[in-house]
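FYI, it's all coordinate maths here, none of it is from the lab. Given the structure is predicted, the values throughout are model-derived calculations rather than measurements. Cβ coordinates were reconstructed from backbone atoms using ideal geometry, including for glycine residues, and neighbour counts include every protein chain displayed.
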Amino acid sequence: MTEYAELLQALRATLNAQLELDLQTFEKAAGRTFTEAERKEISVAQERSYGPSSAWG
């Protein structure tokens, strides 16, 4: 079970890194920097799209 938890943790780290890159790309496309509140809202929506929150602990 520890290996599974480690795998989930690695996957989450990868998805978080991708989210940051996506945010940067989105900001460039929008031609502006998002506020911290906007970045948080986008992050929450993106994490929600990954599936059931219980898997991301």
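Please identify which residues in region 1-17 have an amide N closer than 15 Å to a label point set 7 Å out from the Cα of residue 42, following the Cα→Cβ vector. Answer for this model: 16-17.
For region 1-45, the normalised intensity computed at q = 0.20, 0.26, 0.33 Å⁻¹ comes to -0.67, -0.89, -1.12 (log10 of I(q)/I(0), Debye sum over alpha carbons, equal scatterers, no solvent). Backbone amide hydrogens, once placed in the peptide plane, bring residue 50 within less than 5 Å of nothing, excluding anything fewer than 5 places away on its chain.
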